[in-house]
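Okay, structure first, notes after.
The values are calculated or read from the model by the stated rules, or taken from the named source; none is laboratory data. It should be emphasised that the depicted structure is a prediction, and the values quoted were computed from it without experimental measurement. Using ideal geometry, Cβ is built from the backbone for each residue, glycine included, and neighbour counts are taken over all protein chains shown. Surface accessibility is based on the protein's heavy atoms, side chains included, excluding ligands, DNA and RNA. Shrake-Rupley method; radii C 1.70, N 1.55, O 1.52, S 1.80 Å.
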Amino acid sequence: MENPGLAVHGQAAPFSTALRSLVNNPRYSDVCFVVGQERQEVFAHRCLLACRCNFFQRLLGTEPGLVVTSPVVLSTVPPEAFLAVLEFLYTNSVKLHRYSVLEVLTAALEYGLEELRELCLEFVVKVLDVELVCEALQIAVTFGLGRLQERCIAFIEAHSQEALRTRGFLELSATALLPVLRSDKLCVDEAELVEAARSWARVGAAVLERPVAEVAAPVVRELRLALLAPAELSALEEQNRREPFIPVEQIVEAWKCHALRRGDAARGATCRRRRGTLPRDHHRFLDLRFK
């Protein structure tokens with residue numbers, strides 16, 4: 001029987017360093033990308049990209065010896081994120097940064113790079129903070145990353161007031177905002193949450209050029225108006241007349257909870273306290289889950 005031989009390995013570090021020197025190196029490159037809104041030129045090597053990533057294999061063609069003569073335009077990926085993807089493809093390692101990791105994660109998801117995706121997810125969880133969490137939640141919801149979504153929601157629950165004041169919160173889609181507003185564990189009072197949702201809807205209305213009430217419609221039902229004291233509810237009702245935000249019937253339902261004040265009639269999701277709900281006299285009639 002023929003001896004199959006023994007595979008031996010040289011040092012990995014010099015090999016990785018040599019390949020890293022080829023990242024965005026025009027020398028010997030045979031494909032040029034025009035990347036991002038900046039239209040930055042990035043040089044690469046077709047054979048390496050094609051053998052490492054099915055996305056690039058399809059993009060650059062499978063015919064041997066094919067020369068890509070014109071630049072390949074990738075306008076949606078930022079140059080820094082694209083260079084990180086190339087670094088990973090060339091060396092199987094990548095240096096991640098807090099300020100750009102979500103863009104690298106998005107590129108990894110779009111290009112089908114599962115190993116890079118997992119590295120990015122692991123890094124995001126480690127560096128998750130108030131400024132990053134809502135952007136990470138949006139990506140988690142957009143791409144169906146359940147574990148990351150759970151981590152983001154848990155972080156927002158623990159740092160609710162700070163997270164609600166971030167730009168990332170104002171830029172959440174309605175689909176991403178819904179699981180936040182449905183949480184019983186938010187450490188924020190309902191009055192503050194109502195104002196945060198109003199600010200979110202105003203931003204969306206300005207961007208989409210639609211009425212505030214229309215933008216708010218998919219999420220506003222998750223606000224628990226019955227938790228507000230009668231004076232607060234009256235003030236909200238008056239403000240709502242000037243700037244429609246909450247359906248009138250939802251405010252009527254909150255008043256009904258105040259009027260009934262008995263047994264199961266005043267219980268349910270719309271009357272359930274959150275972890276950060278400040279106590280009010282009428283709360284003794286409601287479902288006091290967090291006491």
Once Cα extents along the principal axes in Å is worked out from the coordinates, which option in (1) 53, 51, 39; (2) 86, 50, 30; (3) 65, 45, 39 does it equal?
(2)
State the percentage of accessible surface on the chain attributable to carbon and sulfur atoms; use a 1.4 Å probe and exclude ligands, DNA and RNA.
54 percent
Trypsin sites (Lys or Arg not before Pro) restricted to DSSP loop in segment 160-256 with at most 16 other C-beta within 10 Å
165, 182, 185
Over the chain, average the accessible area per residue using a 1.4 Å probe and give it in Å², no decimals.
54 Å²
How many angstrom separate the Cα center of segment 193-229 from the Cα center of segment 102-162?
24 Å
Mean separation of Cα pairs under 8 Å and 6+ residues apart, divided by the residue count of segment 139-233: what relative contact order is that in percent?
27 percent
Mean Kyte-Doolittle hydropathy of 0.0 or higher plus an axial Cα length of 24 Å or more: which whole DSSP H helices in the chain meet both?
190-208
For 166, 106, 175, write out the residues from largest to smallest accessible area, computed with a 1.4 angstrom probe and no ligands counted.
175, 106, 166
Within segment 105-141, find all residues whose amide N lies under 19 Å from a label point positioned 7 Å from the Cα of residue 16 along Cα-to-beta-carbon.
114-124
